[in-house]
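Please read the structure below before turning to the comments.
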Ligand code: AMP
């Protein structure tokens, strides 16, 4: 019986992986420019890392993959990157350096969501965190990094939206005001939003349901409830971004999907027609209490997540995904049985000389082998034939100029290295 992939997952086939490698290489390069180091944490954690008392987002309440391991421990596949990274930061006491720990990670996350284009049950995220300080200039730097990633990739139809939720006092004042505004509409709210009203009314601002959206249209916004400290903090972030020529759009209704955010929140949004809610490529914000909640000191941080599938869709939509095919240096055709025995040594020698090399392993004749060789997009073809080998030589053909000549076996490596400029 043939077995299919799990619903909501996908395969990156060999023909598609070059787009992923291109994107990841751009990311690694940009991270070096900002002095961010890679961190790799497990894809599963003890459930309490994600299921914290203060976290009531739909993502954590309804979408996690939770299971008991064979020793009955509660385990969760990570639905997002930040909590696991903070767990690691605290566990390894990375805070003792008293410096901001700048880290990033690329890897799969898991959410039990309704699959559609740009929404999967396993998806890849770039996660970036600057941990150990609450500082408006650091917030501005992180938003700048997200902006610069978009620029580096050449994306034009993408906007960075920012807002502030303020500190805990401001956020609580806003939450109360929003609750008071929404309470008269309780019966008209969707079932999910009725529950959110008591647990976390901010989530209702994010509702995808039209009738909810109509109700929140005139709701107060977090900006109206920022205390003086939070106002100043936010203004400093905006000024710093302006000074760096980073174009952002203020969006007073932006709240983001997680409960641990305070002060700055931001989202990166593309405008691909037909992509709908999936146009949100990434987002993040600063957190003041998450590190303490996970058993660490009272320090803040800021981070964001970018969905790699969505970034790839955005590149495709803007025609920026024409990544050149991988090119082999040499493709070897062994033309009869006797010479095949020589293949392993020749391949090993060429590869040891740093050349990218492959050979044909089928039993096809010359014509069939040639046809396959051309598909491999190789700069040179190497013919191992009976007649040439009698002279301790091979045939080499330059696929660009079509020029072919005989080269002595002992000169093969220097000949090819010179031709390839290596
Ligand atoms: P979030 O952690 O929900 O703020 O998501 C950050 C980014 O991760 C989103 O903007 C998406 O690009 C991506 N993302 C989140 N959930 C999914 C999903 N189920 N499938 C694909 N990408 C996702």
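One table, with the values for the structure above:
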read-out: Hits in region 251-280 (condition: closer than 27 Å to residue 229 by Cβ, part of a loop (DSSP other than H, G, I, E, B) and more than 19 Å from the chain's Cα centre (by Cα)); value: 251, 252, 253, 254, 255, 259, 260
read-out: Boolean, residue 288 is away from the ligand (no atom under 14 Å from the Cβ) and surrounded by fewer than 18 Cβ atoms within 10 Å (Cβ to Cβ); value: no
read-out: Top-ranked residue of region 207-246 - restricted to ones that are over 21 Å from residue 177 (Cα atoms) and touching a strand residue (DSSP E or B) at 6+ places or on another chain (Cβ under 7 Å), ranked as nearest to the ligand (Cβ to nearest atom); value: 237
read-out: Region 46-72: number of residues that are in contact with a helix residue (DSSP H, G or I) (Cβ under 7 Å, 6 or more places away or on another chain), closer than 22 Å to residue 205 by Cα and either more than 16 Å from the ligand (Cβ to nearest atom) or at pLDDT 95 or above (or both); value: 1
read-out: Matching entry among 355, 384 (being closer than 30 Å to residue 153 by Cα and surrounded by 12 or more Cβ atoms within 10 Å (Cβ to Cβ)); value: 355
read-out: The one condition in (1) more than 16 Å from the chain's Cα centre (by Cα); (2) loosely packed, with under 14 Cβ neighbours inside 10 Å that residue 40 fails to fulfil; value: (1)
read-out: Filtered residues of region 299-313 (kept if in contact with a helix residue (DSSP H, G or I) (Cβ under 8 Å, 6 or more places away or on another chain) and under 20 Å from residue 128 (Cα atoms)); value: 299, 300, 301, 302, 303, 304, 305, 306, 308, 310, 311, 312
read-out: Residue ID - surrounded by the fewest Cβ atoms within 10 Å (Cβ to Cβ), chosen from residues in region 54-98 that are touching a residue at least 60 places away in the same chain (Cβ under 8 Å) and over 25 Å from the mean Cα position of the chain (by Cα); value: 54
read-out: Candidates 319, 283, filtered to the one that is within 18 Å of residue 105 (Cα to Cα), free of Cβ contacts under 8 Å to residues at least 60 places away in the same chain and either more than 9 Å from the ligand (Cβ to nearest atom) or not in a helix (DSSP H, G or I) (or both); value: 283
read-out: Filter result (outside any strand (DSSP E or B), touching a residue at least 40 places away in the same chain (Cβ under 8 Å) and within 19 Å of residue 98 (Cβ to Cβ)) within region 290-306; value: 290, 291, 294, 295, 296, 297, 299, 300
read-out: Residue within region 261-279 that is surrounded by fewer than 16 Cβ atoms within 10 Å (Cβ to Cβ), in contact (Cβ under 8 Å) with a residue 24 or more places away in the chain, within 13 Å of the ligand (Cβ to nearest atom) and closer than 28 Å to residue 223 by Cβ present; value: yes
read-out: Extreme residue, farthest from the ligand (Cβ to nearest atom), among residues of region 73-100 that are within 15 Å of residue 42 (Cα to Cα) and in a loop (DSSP other than H, G, I, E, B); value: 92
read-out: Matching option when the condition is within 18 Å of residue 284 (Cβ to Cβ) and either crowded, with 19+ Cβ neighbours inside 10 Å or at pLDDT below 95 (or both), among 157, 101; value: 101
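For every residue, the table says whether it meets (1) more than 17 Å from residue 63 (Cβ to Cβ); (2) away from the ligand (no atom under 16 Å from the Cβ).
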{"position": "108", "(1), (2)": "no, no"}
{"position": "117", "(1), (2)": "yes, no"}
{"position": "123", "(1), (2)": "no, no"}
{"position": "129", "(1), (2)": "yes, no"}
{"position": "135", "(1), (2)": "yes, yes"}
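The values are calculated or read from the model by the stated rules, or taken from the named source; none is laboratory data. The shown structure was predicted, so the numbers you read here are calculated from the model rather than taken from an experiment. Note that we place each Cβ from the backbone using ideal geometry, even for glycine, and neighbour counts take in every protein chain shown.
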